[in-house]
Amino acid sequence: MSYFVTGGTGFIGRYLIDNLLKRSGTIHVLVRKESTKKFDALVKRQGWDPKRVVAVAGDMTKPKCGLAAAQLRALTGKVKHFFHLAAIYDMAASAEAMQEANIDGTRNALDLAAALKAGCFHHTSSIAAAGMYPGVFREDMFKEAEGLEDPYLRTKHDSEGLVRAEKRVKWRIYRPGMVVGHSRTGEIDKIDGPYYFFTFIKKLRQTLPPWMPMLGLEGGRINIVPVDFVADAMDHIAHKPKLDGHCFHLTDPDPMRAGEVINTFARAGHAPEMTMRIDARMFAFVPGGVRMAVGSLPPVKRFVGMLLRDFRIPKETLKYITYPTRFDNRETERALKGSGISVPRLDDYAWRLWDYWERHLDPDLFIDRSLKGKVKGKVVLITGGSSGIGLSTAQRVAEAGATTIIVARGEEELFKARDAMKKAGGKVFAYTADLADMASCDALVATVLAEHGHVDVLVNNAGRSIRRSIEASYDRFHDFERTMQLNYFGSIRLIMGFMPMMTQRRKGHIINISSIGVLANSPRFSAYVASKAALDAFSRCAQGELSGKGISFTTINMPLVKTPMIAPTKMYDSVPTLSPDEAADLVVKGIIERPSRIATRLGIFAALVNAVAPKAYEVVMSTAFELFPDSAAARGDKQALKDESPSQEQIAFAALMRGVHW
């Protein structure tokens, strides 16, 4: 007995060949000439006998699949079973590609099978051939299919129609459900079907604990079957006599609804489940014209598009959430009776599918998360780059291959840092500037643009912090002015200077080093926190205007860092702080991931408590204010400055509220 298989190197085809090898005979596999080496590697990897699994050079898009006359003569009359699996199963593929592969390819395969005088043509169709039929679709139904406007549904239906009209060879048709990975190994070769929602489930797991109740959609019934069931069923039915001219639904007789499927995979991925599910069909009462009008609004389209891109869900898959078709499979059940072949419960193997996806196919595995991949060859400007956070960040960026520009007031320390990084192999430039002086900011922007053309990443790190109570500041209004001048106006002046070129190039990234104090509303830091809060507010407004032009803003609510800026407050010598290198890690994370905000859990928690219970939070802040008095430096008491040391209560409180400025 001899077999001929198209699509034998595909997902279902590989498992079918595994089964055919348990029988006698040679298996001829259609392979493009340029893919011969890949086929040989597959034979070796699968452990197939190369004497029994033989490549036949050809092309599905050519007449008779591109076989030469000599090949036709050698195979004519020897092929008992012709399995046609080659097709496009990607709903996001172009209509032209689907026409060529699914319809023209099937026509060429039928012509080849007829030329070879094959015993039976086994066509792998799909439940997509039913279109969007509203009800139960039987195995003997075909012309009743509805809703075939989608190219994928139409080409699967029309290619099956070619087989049904075939008179030259006998045929059998198989309609698998939505094929997922192997039920015992979880193996699959691409992301498709329910796998599109795995990224969404993973993000839920990263954001929320698994016990958190969620609201979601119920949807229609999704017919999912593992690839091993499909291959086993096809192999068994193909070799059973007196079934020619029949169609077989390789489907789950008791499919789950979309919400149940997502919950099953949520359990497998240890993510929160949708405890309350709303049936998506209830929205059918909204007129179609209204739904279309709302969906066409630019803000709605952009928001939906953003979510789909972030979760990597093709828009074409959303309509299957309310899939209306059920599939009767009594013909298949009769054919499989006594074989022991049946559809396993998704609950029993979903964890294997999830595990394989997370280990091998998760798109995050293939993202270049290295700093080098993000900044090599790009221009990165860092203010306050001669010491502390700025210097540590500049060293990392220069090492990663960026054209690194550091800016500071002090020339000696700045050039010393530049020379050290250049000696280490970095491409580093240094410019002195007083960022509290708007003319100096403008001169810096002009020089950088003239010498480097543009800035890809601007890190507004330079800043001034003042720790002094309001009562001690009645005669020090200049503290508020100079803090705002550097922390807010200086940063804005640079942003406004570099932004025109960024928008022209439609790419750029602004990173503003803010403070945890903006979230925690730290007492005694009213001047500093107000200046940083102003920069935060500017960034939030700018994001809405510029995100559509390729410009990203990242605000880092930095916790307390041990830098020269906090040196005058001796209490900080005894409380937990980040090192400049640890702070630079947060900046590097911002460069790589481009989030809107980076903040510690404590900072986010403080903001949440303040929003939910502001009076209770006020008590905590007032207690901290009384516990941490003005420093000797703030009072101008030089003698007390020498003897200043924190109390045990202060150290304990600061340790509990790690990273918050007190």
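The values are calculated or read from the model by the stated rules, or taken from the named source; none is laboratory data. Keep in mind it's a predicted model, so treat the numbers as computed, not measured. Cβ atoms come from the backbone with ideal geometry, glycine included; neighbour counts cover every protein chain shown.
Worth pointing out:
- Apart from one condition, VAL136 fits all of (1) outside any loop (DSSP other than H, G, I, E, B); (2) surrounded by fewer than 24 Cβ atoms within 10 Å (Cβ to Cβ); (3) touching a helix residue (DSSP H, G or I) at 6+ places or on another chain (Cβ under 7 Å); the exception is (3).
- Residue match in the range 615-628 (condition: under 37 Å from the mean Cα position of the chain (by Cα), surrounded by fewer than 16 Cβ atoms within 10 Å (Cβ to Cβ) and either farther than 25 Å from ASN460 by Cβ or at pLDDT below 90 (or both)): no
- Selection within the range 413-447 - part of a loop (DSSP other than H, G, I, E, B) and surrounded by fewer than 15 Cβ atoms within 10 Å (Cβ to Cβ): ALA424, GLY425
- Matching option when the condition is touching a residue at least 24 places away in the same chain (Cβ under 8 Å), touching a Cys at 6+ places or on another chain (Cβ under 8 Å) and in a helix (DSSP H, G or I), among ALA109, ALA114: ALA109
- All strands (runs of 3 or more DSSP E) inside the range 9-88 with 1 or more residues being without any contact (Cβ under 8 Å) to a residue 24 or more places away in the chain and surrounded by fewer than 22 Cβ atoms within 10 Å (Cβ to Cβ): none
- When residues in the range 488-500 are screened for being surrounded by fewer than 16 Cβ atoms within 10 Å (Cβ to Cβ) and either touching a residue at least 12 places away in the same chain (Cβ under 8 Å) or of a type outside the set (A, V, I, L, M, F, W, C) (or both), 1 of them pass.
- Candidates ARG164, ARG205, ARG175, filtered to the one that is surrounded by 20 or more Cβ atoms within 10 Å (Cβ to Cβ), at negative phi and of a type in the set (Lys, Arg): ARG175
- Residues of the range 388-412 that are under 22 Å from ASN487 (Cβ atoms), surrounded by 20 or more Cβ atoms within 10 Å (Cβ to Cβ) and not aliphatic (A, V, I, L, M): GLY388, GLY390, SER392, THR393.
- Among (1) over 22 Å from GLY161 (Cα atoms); (2) in contact with a Ser or Thr (Cβ under 9 Å, 6 or more places away or on another chain); (3) assigned to a helix (DSSP H, G or I), the one test that VAL225 misses: (3)
- Of the residues in the range 345-364, at least one is outside any helix (DSSP H, G or I), outside the structural domain of ARG396 (by TED's automatic domain parsing) and not acidic (Asp, Glu).
- Condition check for THR199: assigned to a loop (DSSP other than H, G, I, E, B) and either modelled with pLDDT of 95 or more or of a type in the set (Val, Ile, Thr) (or both): no
- Residue in the range 448-467 that is modelled with pLDDT of 95 or more, surrounded by 18 or more Cβ atoms within 10 Å (Cβ to Cβ), more than 27 Å from ALA606 (Cβ to Cβ) and among the small types (Gly, Ala, Ser) present: no
- One residue stands out among those in the range 485-524 that are touching a Lys or Arg at 6+ places or on another chain (Cβ under 6 Å) and assigned to a loop (DSSP other than H, G, I, E, B): the one that is modelled with the lowest pLDDT, which is ARG524.
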